[in-house]
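Just so it is clear, none of the values below were taken in a lab; they were calculated from the coordinates. Just so it is clear, the model here is predicted, and its values are computed rather than measured. Note that we place each Cβ from the backbone using ideal geometry, even for glycine, and neighbour counts take in every protein chain shown.
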Amino acid sequence: MTAAADHSDTRRRRLLWRASHRGIREMDLILGGFATARIDTMTPAELDQLEAVIDVPDQQLLAWATRQEPVPARLRSRLLDEILAFR
């Protein structure tokens, strides 16, 4: 295994853990479930986007996922839309 591949695997495992251990169970299921299903096939750019989503507070993500609040236009992305639609 190359150093780059090892770094990529480590990054994927770290992101998967962070996505699955949020603090709010609903977000563990939505974000963690999405990451579990997709993390192995995500591009480096998508991993960057996932990391940005992980940094959003749980309450805000939950409000977007339950459509209590719209996602601000500046934060919208195809990946975020896929995460919020994941069931």
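Placing +1 on the Cβ of every Lys and Arg and -1 on the Cβ of every Asp and Glu, with nothing else charged, gives the chain a dipole about its Cα centre of roughly 100 debye.
Below 8 Å, C-alpha to C-alpha, sequence gap of six or more: please give me the relative contact order for the chain in percent. Mind dumping the intermediate values first?
On the way: 55 pairs, mean separation 25.9, N = 87.
Normalised by residue count, the contact order of the chain is 30 percent.
Specify which labelled value, from [x] 43, 37, 18; [y] 45, 26, 20; [z] 35, 25, 18, agrees with Cα extents along the principal axes in Å derived from the coordinates of the model shown. Matching entry in [x] 43, 37, 18; [y] 45, 26, 20; [z] 35, 25, 18: [y]. Counting charges near residue 67 (Lys, Arg +1; Asp, Glu -1) among other residues having Cβ under 15 Å from its Cβ returns a value of -1.
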